[in-house]
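First up is the structure itself, then whatever we jot down about it.
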Amino acid sequence: MPSVARTLTLALLAAAGLAVTGLAPAQNDPKVLRIVPHSNLNILDPIWTTQYMARNHGYMIYDTLFGTDEKSQVKPQMVEAWTVSPDNRLWTFTLRPGLGFHDGAPVTGEDVIASIQRWGKRDAMGQKLMTFVDRMDSPTPQTFRIFLREACGFVLEALGKPSSNVPFIMPKRVAETPADKQIEDYVGSGPYVFRRDEFKPGDKAVYVKNAKYVPRKEPASGTAGGKVVYIDRVEWNLALRDAQAQVNALAKGEIDILERPAFESYEQLKKADGVALVNKDPLGFQYMGRFNHLQPPFNNQKIRQAALAAMSQEPFLRAQVGVKEFYRPCPSMFTCGTPYGSAKGSDIQSKSNMKKAQELLKASGYDGTPIVILKPTDLASIQKLPDVAAQLLRQAGFKVDLQAMDWNTVVTRRAKKDPPAQGGWNIFLTAWVAPDIWNPLTNAAVGAQGEKSWFGWPTDPEIEKLRDEFARATDEPKKKALAEAIQARAFEVATHAPLGEYVNPLAARKNVTGFVIGPGDIYWNLKKGDRGG
Amino acid sequence: MNATDIDALSVEHAAVRRQAGAWERVRKNWSVRIGGVAMAFLLLVALAAPWLGTVDPTLFDAASRDLRPGETGEITTLDGETLEHRFVMGSDSFGRDIFSRVVYGTRISLLVGFSSAVVALVFGILLGLSAGYLRRLDGPLMRVMDGVMAIPAILLAIALVALWKASLLTVIVAIAIPEIPRVTRLVRSLVLTIREEPYVEAAVALGTPTPKIMFGHILPNTIAPLLVQGTYICAAAILVEAILSFLGVGLPPDIPTWGNIMAEGRVQFIAYPHNVFFPGIFLAVTVLAVNILGDGLRDTLDPRMARRL
Amino acid sequence: MWTFLARRIAATIPVLLVVAVLVFLMLRLTPGDPAAILAGDAATTEQIAAIRASLGLDRSLAAQFVIWFGNLLSGDLGQSFYFRMNVTTLIGQRLEPTLALATLTIVLAVAVAVPLGVLAAWRFGGWFDRALMGFSVLGFSIPVFVLAYILIYVVSLKLGWLPVQGYQRLENGVLPFLRHLILPSITLSIVYIALIARVTRASVLEALGEDYIRTARAKGLPELRVLVHHALANAAVPIATVIGIGVALLIGGVVVTESVYAIPGLGRLTVDAVLARDFPTIQGVILFFSFAYVMVNLLVDLSYVFFDPRIRY
């Protein structure tokens, strides 16, 4: 027995010794960037879905013809030069030299055309563009041409649009996948290469530097400029979803970048050693509440206006964002601070108060039909909005039925046109990144073609007429005037309720520098200092 | 789910004891006293919730968010009135009063615990009696019970809640179902034992109808062990509800349950621990009280087992 | 003994069959079209129709079960539409972390709880005994995630000894592997320790009351030998039983622990699959866990032969 005791003691000491040596902090490789993105990556086809995770994945491994810089100007990216015929109907583009896919093949005009066509089948702006396009061809591998039926005012804006869906350029064989099927081949021509063999859904996604990528000479700005990569490898940590654990991990240096911290985390992040907040996307996001125009009671314009009057922006922003320097009310349906962000027509919401809303509701003939509001339980960035909406609408005199479900179910349900009692809805709330809503063409919420439009399905021929004119207009002052008119009419019709704008600065270790200013989540141009930061 | 299996093994013996003096022993036992008093207190809190200085637990005001315990702030009622209110346990990130939510949460937790136990017991008794008494049903029924037991309880509960919508009834049933096999087993073995007793054989010989034997002779002897089992199921149910809410697959978040309060508070646990601390304490104390009560009941109803577990 | 073995193994088959039927029925009980649910919200009508055909949903329930079961036997657990890969591959990827966590937890729990239980039984009625009983009830009562947060706060953040989250695969080194697993294992093992300590104490206590203990002591054997070689050995059967039953508890705890510590294992997979309504994965994981649980209990039953020579059947 004593020998047993001795053996046991020795074993325990050995284990303790092992543990102590193991307690030395883990190596932090300065050539590896460890990022926690805002959600899980499960769809790898950025054309098939508008999901931002797929878009961010796309920016890693694909390149675009044009980009949008931090001043919201469209700048060439893969394109070297282009000419436009005097009647605006023939566009000729020349590609930059040195563009190649990850498998060694050069990028040709044929690849570009196939990619544009696939994107044009899914993206709203792309679909609109395609109605103007007669045909496209590629006379030489380095060039491609677009023939338009009539002048179109937004060709470059469409090809350079920074957010979903982004017209990423894929090899022809991949782009020929039918638009309603997801692609299986992830070869691109972007600054990173996707390591498919290391991809574990729900665990991690890995990208390595594309050594053959030739960046532009200009400095990086938004999705334009030179995409220079200074590190060897990027790892997306898809397993770390608990917000408190994310903060802890960043504070301890176990991760380098936290893409979209929960608003509640900012207080701790501000106090954490070695952590900096980077507001790399000053244009930020906009919240939105959407009415179902097909079902009572919101098929009645007066009732919609009453709800719009009740839903003032400050309570939403304060409850959801909370941090004062990160939010601002914005009376425009298009992003404030961008060319089309005006306050025209917004008085019904911005200059309203609860008493007015109550009066409007009484005058509208509202009969007490309960409003079904969809509340997602698993999306921290918009989770609180439905509760605020419910409380405000109740105060105005509405009867509210707040239904909680996970985001997947919300997404399924909002597509249903049935009455709320049979699986439909009356209001859902969501957030958009600025480029997705900053003009009347990309902004899905002001589309008013009834059942062909975005969920909510408003109908208003006047808005559609104005949007068509906007699409054809080629000079800026005319476009601005049209945008104002569209917005004024949209407020009158109460297509939706804009609920204010906010920024969601990312949090990173102090030794990570080089963040590119612009919308979306951009991971080139970053340098990581040698010490743990 | 926690000690239910082990104690199920032991309570089988409790039944065949005389009931004489049992109630006396139960009353005098310290565990029963402590557990019982704690439970009574919690029940009182649950029933008297509106009168304990609480406000509507769903009301919030963004101006009052993240207040520390003891601070004062504003609450706006639905009529537009603004009241001043002392947030005894602090406020959450919405601006809701944690004290009110915890107090009202007592209702849900006790309701879920109690109901799940009752549902599990009722179905377990029916199935156990059938299995013990009807030979032909016994084999297949127990195979099915083994199958249900093979599926880990949490996974079964999560999957069931995912299939139907998340409501109080769904959660209660989802938590109760994994507990039914153990009760069935217990009742069945009790039935098999008691059937062999001389007085039961005599009753059968006299031609007493089966239901009368089942409910008149067998059932009364099962009350004690089932009571003990019931308390353990109750404790487990309260914990499972908290876990389901924590994972995001429990009751909808606007219903204040301790699990929901902790689930919402987990985002800022380090900065504002009161979100998790207060409901956590209530949860631990409640489950502890029920477990202690169960221990006491088991000790008194079968002193032979008292030294064992 | 071999007949016993064969019979025990054969006895697990009906149980597994029942589990398969239950899991199969679970999906069919949902309101709504199972094909649409399996296809996911972004599927086209053609894709849904294709899935309906492959599942044979227009056939009778029994025929559907045969098709599904046939796939199951050939190892095809279906396609996860959320993760866009084979469910079997997915489970294979997530297996290592959960297995590592569970094994370390069980080893830790048994290593700590059995000695504690023996000690409590030896000094029955003393302060240690009471302390252990009180502590074990507490262990049942605190939810796993609260315990996890407290441990993370004290050990990882304040003391800085261990990482706050994450999992390192064994192939990346034994030390990082262990460092990341220590805290999660401790968190998970507390409930398990409470359970095993209780049962150990109870059975050792019963064994200590037997005559052969008095004989052994009278023979003058050292107390440690009496405790381990005679009492514990005879108490082994109920202890093994509770270890087996506790595996179900463990699986439940794994789900929460993996969520808090960001370990990409099967528990997390279950939660993610449930939130995404990914039924093929939910079915696959439940089948897998149930299978594992049945196997563990089979092993426990077989271990009785080792512990108790009287059990020959």
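Read-outs: derived from the displayed coordinates by stated rules, not from any lab. These numbers come from a predicted model, not from an experiment. Cβ placement follows ideal geometry from the backbone for every residue including glycine, while neighbour counts extend to all protein chains displayed.
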Task: the protein assembly as shown: C-alpha gyration tensor shape, a/c 1.5 cut-off, then a/b vs b/c - done: prolate
TODO: Classify chain C as rounded, prolate or oblate, taking a ≥ b ≥ c as the square roots of the eigenvalues of its Cα gyration tensor: rounded when a/c is under 1.5, otherwise prolate if a/b is larger than b/c and oblate if not.
DONE: oblate
- [ ] Grab the beta carbon distance between residue A:94 and residue A:277, set R0 = 30 Å, and tell me the FRET efficiency rounded to 0.05.
- [x] 0.15
TODO: Using +1 at the Cβ of each Lys and Arg and -1 at the Cβ of each Asp and Glu in the stretch A:285-502, identify which of A:434, A:291, A:453 lies farthest towards the dipole's positive end.
DONE: A:291
Task: Relative contact order of chain A, defined on C-alpha pairs under 8 angstrom at six or more residues apart (%) - done: 19
Open item on the list: Net charge within 11 Å of residue A:45 by Cβ-Cβ distance, Lys/Arg positive one each and Asp/Glu negative one each, not counting residue A:45 itself?
Closed with: +2
Open item on the list: Please compute, for peptide C:9-19, the average count of beta-carbon atoms on other protein chains lying within 10 Å of each residue's beta-carbon.
Closed with: 4
TODO: Let me have the 222 nm mean residue ellipticity of chain A computed from DSSP H runs of 4+ only, each contributing -39500 (n - 2.57), with the sum over all residues rounded to the nearest 500.
DONE: -9000 deg cm²/dmol
TODO: Quick one: grab the alpha carbon gyration tensor of the stretch A:285-502, order the square roots of its eigenvalues as a ≥ b ≥ c, and give me rounded if a/c is under 1.5, else prolate or oblate depending on whether a/b is larger than b/c.
DONE: rounded
Task: Whole-Hz ³J(HN,Hα) from phi, Karplus 6.51 cos²θ - 1.76 cosθ + 1.60, for the stretch C:61-75, glycine and proline x - done: 4, 5, 4, 4, 5, 4, 4, 4, 5, x, 4, 4, 5, 8, x
Task: Shielding by partners, peptide B:69-79 (average Cβ within 10 angstrom, other chains) - done: 1
TODO: Mind putting a number on the dipole of the stretch C:196-256 about its Cα centre? Charges go on the C-beta only, +1 for Lys and Arg and -1 for Asp and Glu, and I need it in Debye to the nearest 20.
DONE: 140
TODO: Using amide H atoms built 1.01 Å from N in the peptide plane, name the residues 5+ places from residue A:204, or on other chains, whose amide H lies under 5 Å from its own.
DONE: A:238
Task: Helix C:87-122 axis, angle to chain C major axis (alpha carbon atoms, nearest 10°) - done: 20
Task: Estimated dipole of the protein assembly as shown in Debye, rounded to 20 [Cβ of Lys and Arg +1, of Asp and Glu -1, Cα centre] - done: 1640
Task: Residue among C:92, C:117, C:220 with the largest mean-square fluctuation in a Gaussian network model of chain C, springs linking Cα atoms under 10 Å - done: C:220
Task: Relative contact order computed over chain B (Cα-Cα under 8 Å; 6+ residues apart), in percent - done: 28
- [ ] Pull the list of chain A cysteines that no other Cys approaches to under 4.7 Å, Cβ to Cβ.
- [x] A:152
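Could you rank the peptides A:304-313, A:215-224, B:233-242, B:129-138 by their average count of other C-beta atoms within 10 Å per residue, with the highest value first?
The densest-packed peptide leads the list: B:233-242, A:304-313, A:215-224, B:129-138.
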Task: Least to most buried among B:217, B:85 (fewest other Cβ within 10 Å first) - done: B:217, B:85
Open item on the list: Quick check on packing: order B:289-297, A:255-263 by the mean number of other C-beta atoms within 10 Å, highest mean leading.
Closed with: B:289-297, A:255-263
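Please give the direction-averaged projected area of the C-alpha convex hull for the stretch B:33-308, in square nanometres with one decimal.
17.9
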Task: Sum of side-chain charges, residue A:174 neighbourhood, beta-carbon under 13 Å (Lys, Arg +1; Asp, Glu -1) - done: -3
- [ ] Tabulate in residue order the Karplus-calculated ³J(HN,Hα) for the stretch A:110-121, using 6.51 cos²θ - 1.76 cosθ + 1.60 with θ = phi - 60°, rounded to whole Hz; enter x for Gly and Pro.
- [x] 4, 4, 4, 4, 4, 5, 4, 5, 5, 5, x, 7
- [ ] Tabulate in residue order the Karplus-calculated ³J(HN,Hα) for the stretch C:222-228, using 6.51 cos²θ - 1.76 cosθ + 1.60 with θ = phi - 60°, rounded to whole Hz; enter x for Gly and Pro.
- [x] x, 4, 4, 5, 4, 5, 7
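Explain nothing, just the number: dipole magnitude of the stretch A:398-533 about its Cα centre with +1 on each Lys and Arg Cβ and -1 on each Asp and Glu Cβ, in debye rounded to the nearest 20.
Using Cβ point charges on Lys, Arg, Asp and Glu, the stretch A:398-533 gives about 580 debye.
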Task: Of B:96, B:27, B:143, the one that fluctuates the most in a GNM where chain B has Cα springs shorter than 10 Å - done: B:143
Task: Sequence-separation-based contact order of chain C, relative, with Cα cut under 8 Å and 6+ spacing, percent - done: 26
Open item on the list: Of A:100, A:36, C:146, which is farthest towards the positive pole of the protein assembly as shown's charge dipole, taken about the Cα centre with +1 and -1 on the beta-carbons of Lys, Arg and Asp, Glu respectively?
Closed with: C:146
Open item on the list: Residue by residue through C:224-233, how many Cβ atoms from other chains fall within 10 Å of the Cβ on average?
Closed with: 1
Task: Of B:112, B:41, B:211, farthest towards positive along the dipole that unit charges on Lys, Arg, Asp, Glu beta carbons give chain B - done: B:211
- [ ] As a check on your grasp of the helix formula, calculate [θ] at 222 nm for chain B: sum -39500 (n - 2.57) over DSSP H runs of n ≥ 4, divide by the residue count, round to the nearest 500.
- [x] -21500 deg cm²/dmol
Task: Rg/Rg_ref, the stretch A:43-187, where Rg_ref = 2.2 N^0.38 Å and atoms are Cα - done: 0.97
- [ ] Enter the angle in degrees (range 0 to 90, nearest 10) between the Cα long axis of helix C:233-261 and the first principal axis of the Cα atoms of chain C, meaning the one along which they spread out most.
- [x] 50
Task: Under 10 Å, Cβ to Cβ, from residue A:241 - net charge with Lys/Arg +1 and Asp/Glu -1 - done: -2
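Could you give the C-alpha radius of gyration of chain A expressed as a fraction of 2.2 N^0.38 Å, taking N as the number of residues it contains?
1.06
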